[in-house]
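Working notes, structure below.
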Amino acid sequence: MKRMKKNRRKRNEVVTAYAFLLPNLVGLTVFVFFPMIYAFYVSLHDWNALSPKVFIGFDNYIEMASDKRWWASVGRTFLFTLIYVPALYCLSLFFAVILNNLKQKYQSIARTMFLLPFAITSVISAVIWMFLYDPRNGVLNQFLSSLGFDKLEFLGSTNQALVSIVAVILWINIGYNMIIFMASIKEIPKDYYEAAKIDGASAWRAFRSITFPLLRGTSTFILIVTMIASFTVFDQIMVMTSGGPASSTEVSVLYIYKQAFEFLNMGYASALAVILFLIIFILSLAQLRLYTKKG
Amino acid sequence: MKLWKKLMTIGFVLTLIVMAGCSSDSDGESGDTVTLTFSDFHSEADQEFFEGLVDEYNKVQDEVKIEYTTTGNLTDYSNTKLPVAFANNEGPDIFMTSPGDFQKYADAGVLADLSPYFKDGVKEDFLPSALEAVTVDDKILALPFELELLGLYYNKTMFEEANLEVPKTWDELLAAAKELTTDEVAGIALPTDKGAYLNFIWYPFLWQNGGSVLNEDGTKSTFNTPEVAEALDIWGSFFQEGAAPSKLQIDPTDIGNLGGGTAAMQIVGTWAIPMLENEYADGDFGLAPIPIPEGGKPATAAGGWKFAVNANSEHVKEAAEFVMWAVGDDKERPLKYVTETKFAYAPRQSVVEEGEEFYDKGLRKVFTEEIYDSAIPEPKFGAEVVDAVGEALQNVMFGGMSGKEAAKIADEKIQSILDSKK
C-alpha cells in the first residue's frame, strides 16, 4: 500500500514538472527547433522569398566552397573572436578581482557603473559610439589631438574599424561578465586565502594558485558563451559600418544577412547559416572538452 | 487523473494562444467591400500625405477599403519587412519600390502589369524615359510618381570667404573641396557606406565621362573601361585626399551636413530644398549642376520611388485602380505631393506644366533650367550588380586601389553575376 502511494506521488511530481516545462518547450519548439530544421530544408533550395522554392540538392553548399567573399567573412569572424574573447575574458576577470578587494560601499557603486552599458540597447550604444568615434568632431579625436597625437579615422579606416567595434562590444559586455566572476570569487572559502597568507604567498601567487584554478567552471562557461556570441556578432556592426569600409568589417552573419535580405538568396543564405552553425557547434564542443579534460 | 485533466486544459489553452497569435483575422473581404493592404516606408509629412490620400479614396468610393501602414524606415522596409511579408505569402497588395530593388521584384514576378489600367491619354502624358525605367518585356510593372534629381549644393559664404568660384569641372571641384576643408568643416559631404544610395550619387560622374555599367540590353558588363576607371578615380580622390569625411554623423541624404555648417558642399537631390528653406533659412546656400570632366557632357541621376501592385494579390484590378487614381489620373494629387509635401519633379508633363510657377521658386529654378535636361533615370540593376559597383567604389575610397584595378575586379564580378542568371 505504502509503496503504491509513494509511486503515485512520484509520478505526480514528474507530471507537474513537465507541466511547468511545457510552456518553455512549446516556445523552444516553435521559435528555435522548428526554424533550425526549416533553415536546413530551405538551404537545399533555390529560393528568392518571392517565388516558389526550387529543390537543388546540395548546390548551395557546392557554390559556397568557391565563394571567396564568404570565406573572407569567416576569416574576419575568427579574427574578431581572437581579439574579442581573450580581451573580454582577461578584462572582466581583472576588474572582478580588483573590485572584489574594494570596500563593500565602493564595490556596489563600481559594479553598477560597470554594468550600466549592458543596460543600454545595443543599437543605441552603437550610435553613441559613432558620435565618439567621429573622425572630425568626435570626442575621442579631440582628446587625442589635445594630447598632441594624430587624429585617427576609427570606423572610417579599413585597419581600425574592426578593433574600434571590438572596443564598443567590450564596453557593453565587460560589466556583465565581471559580475559573474565576482559571484564565483565570493564562493571561494576565505580559509584558503588565510592559509596562503600564513605561508607568505603574494597576492599574485594567491590569484594564480587559488582564485584562477577555482574559477575554472565559470571560465569555461564565459569562454564558450562569449565565443558563441562573437561568432554571431551583428547589431553593432550593422549599425556602425554595415560591413564597410571596403568590406573590412563584413563578418559572417552580416554576409548571411546581405545574401538573405539584400540579394534575396534565401536558400544560399540558409546554407551559409547551417555551416556557420556547424562551425560554432564544433568549436564549442572542442572548447568544452579542452577545459574539462584538464581537470 | 485530475492532474491529467489539468494538463489537458493547460495544453489546450496554450494551443489556442499559439493559434490565435498565428492566424490573421483579415479575410480580405467582408460583405461587398474589398480590403486592400498598402504598405510603405514614409514618415512625417510624406506619411501624412499618403494617409490623407488613402482616407480620401476610402471616402470617395465604397467598393474598396484600403488599409495603410508604414514602417517609417527605408532600410527596414526594403530589406526586412517586404521580403519577409512576401516569403510568407502575406505581401501587401500595394507597395513601393525604388530602382535599387525594382529588378529583384520584377525577376520574382510579383509586380503586376499596370498597362491595362491606364486611362486614355495618361500613358502618353508620362515622360517616356520614366516609364521606360519601369518597363520589362513591354509590361509596365510600376508607376513612378516622383523624379528626384541630383545637384551640387554649396555654402555661398564659405566660397566667398575663400575667394573661390563655383566649380564647373572635376578638377575644380576637387581643388575647391580641398581648399575648403578645415578641422571643423568638410570640403564636400558624400555618402560613405556601401548601398544603392552611394551608387546613385556616383552615377552622374560615370555618365558624364561616357561610362556605363552594362551594355544596352543588359547582357554584358562594360565596367572595365578607362572612362569607368577615371570616374572611380575622381570619386576615390575626395576620400583619399581627406576632402570628404570617411564617416558622416548626419545621413548623406540629409542636407543637414551642409545646412548645419559641417560641410561646404554636398551632392544631394531635389528633396533637400524644402529643408534648406525651412530649417536652415539663415544660411546662404547655392546650387549648381554637378561638375563635369574636361570634354564631358552634363549628366545627373533621376531617382524616385514607384507605386507597385502585388501580382499575387487576389485583387490586382482594384489595387491598380487605386494607384491610377492616386497618381495617374487628375493633376492635383500628384502635384500636391511633389510641390507641397516635398520637392521633386512629376514624371507627367501635364503635372509639371500645372506647377510651372512653382518650379521657378528659389533654388528650384537651377534644377528646372540647368539640371533637368541632363537627367538620366537611375538604372534598375539587380541587387548583386549594385553591390559589385558599390564594392568598386569602396575599394577606391578606402581600399587604396586605383580606379583601373577596382574596375577590373568589379567587371569580372558583374560578368559572372550576369552569366549565372542566364
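The values are calculated or read from the model by the stated rules, or taken from the named source; none is laboratory data. If you're wondering where the values come from, they're calculated on a predicted model, not measured in any experiment. Positions of Cβ are generated from backbone atoms using ideal geometry, with glycine treated the same way; all protein chains shown enter the neighbour counts.
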Exercise. Do we have residue A:135 as outside any helix (DSSP H, G or I) and surrounded by 14 or more Cβ atoms within 10 Å (Cβ to Cβ) here?
Worked result: yes
Problem set entry | Given (1) over 26 Å from residue B:384 (Cα atoms); (2) among the aliphatic types (A, V, I, L, M); (3) in the same structural domain as residue A:189 (by TED's automatic domain parsing), number of the condition residue A:32 does not satisfy | (3)
Seminar exercise, completed: Sole miss for residue B:278 among (1) surrounded by fewer than 17 Cβ atoms within 10 Å (Cβ to Cβ); (2) part of a loop (DSSP other than H, G, I, E, B); (3) without any contact (Cβ under 8 Å) to a residue 40 or more places away in the chain is condition (2)
For this session: Report yes if residue A:116 is assigned by TED's automatic domain parsing to the domain that holds residue A:230, exposed (fewer than 13 other Cβ atoms within 10 Å of the Cβ) and either within 30 Å of residue A:284 (Cβ to Cβ) or free of Cβ contacts under 8 Å to residues at least 24 places away in the same chain (or both), otherwise no.
Result: yes
Exercise. Mind checking which residues of region B:236-259 are assigned to a loop (DSSP other than H, G, I, E, B), under 18 Å from residue B:391 (Cα atoms) and of a type in the set (S, T, N, Q)?
Worked result: B:246
Exercise. Does residue A:69 satisfy being under 22 Å from residue A:234 (Cα atoms) and not polar (S, T, N, Q)?
Worked result: yes
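So which residues in region B:260-273 are in contact (Cβ under 8 Å) with a residue 60 or more places away in the chain and assigned to a loop (DSSP other than H, G, I, E, B), if there are any at all?
Residues satisfying the conditions are B:261, B:262, B:264, B:270, B:271.
Can you spot a residue in region B:402-411 that is at pLDDT below 90 and within 14 Å of another protein chain (Cβ to nearest Cβ)?
no
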Exercise. Looking at A:84, A:18, A:106, A:38, which is the one that is of a type in the set (Ser, Thr, Tyr), surrounded by 15 or more Cβ atoms within 10 Å (Cβ to Cβ) and either within 11 Å of chain B (Cβ to nearest Cβ) or part of a helix (DSSP H, G or I) (or both)?
Worked result: A:84
Exercise. Got a sec? Which of B:365, B:361, B:380 is of a type outside the set (Gly, Ala, Ser), crowded, with 22+ Cβ neighbours inside 10 Å and within 22 Å of residue B:338 (Cβ to Cβ)?
Worked result: B:380
Exercise. Inside region A:266-295, can you point out the residues that are under 21 Å from residue A:228 (Cβ atoms) and within 14 Å of chain B (Cβ to nearest Cβ)?
Worked result: A:269, A:270
Exercise. Going by the structure shown, is residue B:388 within 14 Å of chain A (Cβ to nearest Cβ), touching a Gly at 6+ places or on another chain (Cβ under 8 Å), farther than 28 Å from residue B:43 by Cβ and buried (at least 20 other Cβ atoms within 10 Å of the Cβ)?
Worked result: no
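Are there any helices (runs of 4 or more DSSP H) wholly within region B:68-174 with 2 or more residues that are among the aliphatic types (A, V, I, L, M) and assigned by TED's automatic domain parsing to the domain that holds residue B:346, and if so which? Spell out how you get there, then give the answer.
Values: elements: B:82-87, B:99-108, B:122-125, B:128-132, B:156-161.
Fully inside region B:68-174 and qualifying: B:82-87, B:99-108, B:128-132.
Residue by residue, here is whether (1) surrounded by fewer than 21 Cβ atoms within 10 Å (Cβ to Cβ); (2) under 30 Å from residue B:277 (Cβ atoms) holds:
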{"site": "B:97", "(1), (2)": "no, yes"}
{"site": "B:110", "(1), (2)": "no, no"}
{"site": "B:115", "(1), (2)": "yes, no"}
{"site": "B:122", "(1), (2)": "yes, no"}
{"site": "B:187", "(1), (2)": "no, yes"}
{"site": "B:200", "(1), (2)": "no, yes"}
For this session: Would you check which residues across region B:281-290 are assigned to a loop (DSSP other than H, G, I, E, B) and buried (at least 20 other Cβ atoms within 10 Å of the Cβ) and list them?
Result: B:289, B:290
For this session: Within region B:199-209, identify whether any single residue is under 23 Å from residue B:408 (Cβ atoms), within 14 Å of another protein chain (Cβ to nearest Cβ), of a type outside the set (Asp, Glu) and in contact with a helix residue (DSSP H, G or I) (Cβ under 9 Å, 6 or more places away or on another chain), and answer yes or no.
Result: yes
Problem set entry | Selected residue (criterion: nearest to residue B:277 (Cα to Cα)) from residues of region B:153-175 that are aliphatic (A, V, I, L, M) and in contact (Cβ under 8 Å) with a residue 60 or more places away in the chain | B:158
